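Trainee: Please see the structure below; I have some questions.
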Amino acid sequence: MRLTAVLLAAIVACTASASRWNERLVDFEVYDRQEASGNYEMVYTLIPFSPAYGRSDSYTLPPLTRLGDATEATRDTPLGNRRVLLGTDALGKDVLSQMLWACRLSISIGLVSTGIALLIGVTIGALMGYFGGWVDLLLFRVVEVFMAVPVLFLLIVAVAVVPDELRTTYFIMVIIGCFTWTGMARFTRAEFMKLRNQDFVQAAQATGLPLRSILFRHMLPNGVAPVLVDTSFAIGAAISVEATLSYLGLGPADSASWGKLLSSAINSEGQFKWWLAVFPGLAIFLTVLAYNLLGEALRDAIDPKLKKARV
């Protein structure tokens, strides 16, 4: 009965969509002319422009500029009544739409790269702390080697030598994640060294549980608190690194980013456009600050000494 209802709803939805289907409009200039001639009726959102859409007659417009007042071609059209809320950049693209799109890029890089670092760091740290001895000695030398690598300079070199088609968001995620796990590994090692002699760990060993169950099911939940604090700081650091790369022109190709907007605040003639510096810079500052405050809150909530001090 439920399957029949689902199929019926799907058929009705597809039929309704097909009856209202029109050929997809491609050129925004055509939209505007067709709407002005009465062939189309358009509904605009708060931000009617996509991050990739730019006009050659709307370079570096200040915030709240009405398009009809700035460009002759849109003066007597419905598009001319629209305002660019945060202005446009040097390519005539809407700043607000690019900032919202760049939010997706920056936060995804921060979360995914930190997830990769968390996976590597917790695994290596758990092995070091649980086994100790020569395993700890060997793996800690590996940790020290990765600690000696300057991640930002490595990224600059890496993205500078690879072709543009390989300079993607995923490439930057992998590089950041594979070289920023050392702090998490050290925190996990310290916690596992404290826990490996606890009664519940020895009981798990005595019952013959597999190593992965002992490490990640029994020990990790009891020693994950410092790692969570370091993770929140790592997300903010990854966002800062991505913004730095984009500011230098080495970020993901053909993708809007906060750093790229920030770098266009001073044009080739040396003119400073304040809205291209204030809004992206404020977005970077608030995002990194939010993750750092989250890390501070986690540390305060987890540390029992701080709890006693507040009481």
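Trainee: So which pairs qualify, if the first residue must be in the range 135-146 and within 15 Å of Thr123 (Cα to Cα), the second must be charged (D, E, K, R), the Cβ gap must be under 7 Å, and the two must be at least 6 apart or on different chains?
Mentor: Hits for this filter: Val143/Arg186.
Trainee: Where in the range 42-150 are there helices (runs of 4 or more DSSP H), lying wholly inside it, with at least 2 residues that are in contact with a Gly (Cβ under 6 Å, 6 or more places away or on another chain)? Talk me through it step by step, then tell me what you get.
Mentor: Values: elements: 67-70, 95-131, 133-147.
Qualifying helices (runs of 4 or more DSSP H): 67-70, 95-131.
Trainee: Being surrounded by 14 or more Cβ atoms within 10 Å (Cβ to Cβ), over 20 Å from Leu262 (Cβ atoms) and either acidic (Asp, Glu) or without any contact (Cβ under 8 Å) to a residue 60 or more places away in the chain (or both) is the requirement here; does Pro48 meet it? Break it down stepwise before answering.
Mentor: Details: surrounded by 14 or more Cβ atoms within 10 Å (Cβ to Cβ): yes; over 20 Å from Leu262 (Cβ atoms): yes; either acidic (Asp, Glu) or without any contact (Cβ under 8 Å) to a residue 60 or more places away in the chain (or both): yes.
Criteria met by Pro48.
Trainee: Here is a follow-up. Out of contact with any Leu (no Cβ under 9 Å at 6 or more places or on another chain) and on the phi < 0 side of the Ramachandran plot: which single residue out of Met147, Met99 fits that description? Step through it out loud before you land on a result.
Mentor: On the way: Met99 fails: out of contact with any Leu (no Cβ under 9 Å at 6 or more places or on another chain).
Met147 is the lone residue from the list that is out of contact with any Leu (no Cβ under 9 Å at 6 or more places or on another chain) and on the phi < 0 side of the Ramachandran plot.
Trainee: Thr287 versus (1) modelled with pLDDT of 85 or more; (2) under 27 Å from Ser106 (Cα atoms); (3) buried (at least 21 other Cβ atoms within 10 Å of the Cβ): which is the lone unmet condition?
Mentor: With respect to (1) modelled with pLDDT of 85 or more; (2) under 27 Å from Ser106 (Cα atoms); (3) buried (at least 21 other Cβ atoms within 10 Å of the Cβ), Thr287 is out only on (3).
Trainee: If I ask for residues that are assigned to a loop (DSSP other than H, G, I, E, B) and either under 31 Å from the mean Cα position of the chain (by Cα) or surrounded by fewer than 13 Cβ atoms within 10 Å (Cβ to Cβ) (or both), which ones from the range 200-210 would you list?
Mentor: Going through the range 200-210, the residues assigned to a loop (DSSP other than H, G, I, E, B) turn out to be 207-210.
Thr207, Gly208, Pro210, listed by residue number.
Trainee: I need a count of the residues in the range 290-305 that are over 19 Å from Thr114 (Cα atoms) and either surrounded by 19 or more Cβ atoms within 10 Å (Cβ to Cβ) or not aliphatic (A, V, I, L, M) (or both).
Mentor: Taking the range 290-305 as the starting set, the residues that turn out to be over 19 Å from Thr114 (Cα atoms) are 300-305.
Pick out the ones that are also either surrounded by 19 or more Cβ atoms within 10 Å (Cβ to Cβ) or not aliphatic (A, V, I, L, M) (or both) and you get 300, 303-305.
Final tally of qualifying residues: 4.
Trainee: So if I check each of Leu96, Leu119, which one is open to solvent by 10 Å² or more (accessible area, probe 1.4 Å), under 30 Å from Gln271 (Cα atoms) and of a type in the set (A, V, I, L, M)? Give the steps one after another, and end with the answer.
Mentor: Numbers: Leu119 fails: under 30 Å from Gln271 (Cα atoms).
Within the list Leu96, Leu119, the selection yields Leu96.
Table: residues versus (1) in contact (Cβ under 8 Å) with a residue 40 or more places away in the chain; (2) under 30 Å from Ser255 (Cβ atoms); (3) aromatic (Phe, Trp, Tyr); (4) surrounded by fewer than 19 Cβ atoms within 10 Å (Cβ to Cβ).
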position	(1), (2), (3), (4)
Ala126	yes, no, no, no
Gly133	no, no, no, yes
Leu152	yes, yes, no, yes
Glu165	yes, yes, no, yes
Ile172	yes, yes, no, no
Thr182	yes, yes, no, no
Arg189	yes, no, no, no
Gln198	no, no, no, yes
Arg212	no, no, no, yes
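Trainee: Taking the range 248-299, which residues are more than 24 Å from Val174 (Cα to Cα) and part of a loop (DSSP other than H, G, I, E, B)?
Mentor: Result: Ser264, Ala265, Asn267, Ser268, Glu269, Gly270, Gln271, Lys273.
Trainee: Is it the case, given these coordinates, that Ala90 is of a type in the set (A, V, I, L, M, F, W, C), at pLDDT below 85 and either open to solvent by 40 Å² or more (accessible area, probe 1.4 Å) or within 24 Å of the chain's Cα centre (by Cα) (or both)? Steps first, answer last, please.
Mentor: Details: of a type in the set (A, V, I, L, M, F, W, C): yes; at pLDDT below 85: yes; either open to solvent by 40 Å² or more (accessible area, probe 1.4 Å) or within 24 Å of the chain's Cα centre (by Cα) (or both): yes.
Yes: the conditions hold for Ala90.
The values are calculated or read from the model by the stated rules, or taken from the named source; none is laboratory data. Every value quoted in this text rests on a predicted model; they were computed, and no experiment measured them. So basically every Cβ, Gly included, is an ideal-geometry build from the backbone, and we count neighbours across all protein chains shown. Ligands, DNA and RNA are excluded from the accessible area calculation, which covers all protein heavy atoms including side chains. Shrake-Rupley method; radii C 1.70, N 1.55, O 1.52, S 1.80 Å.
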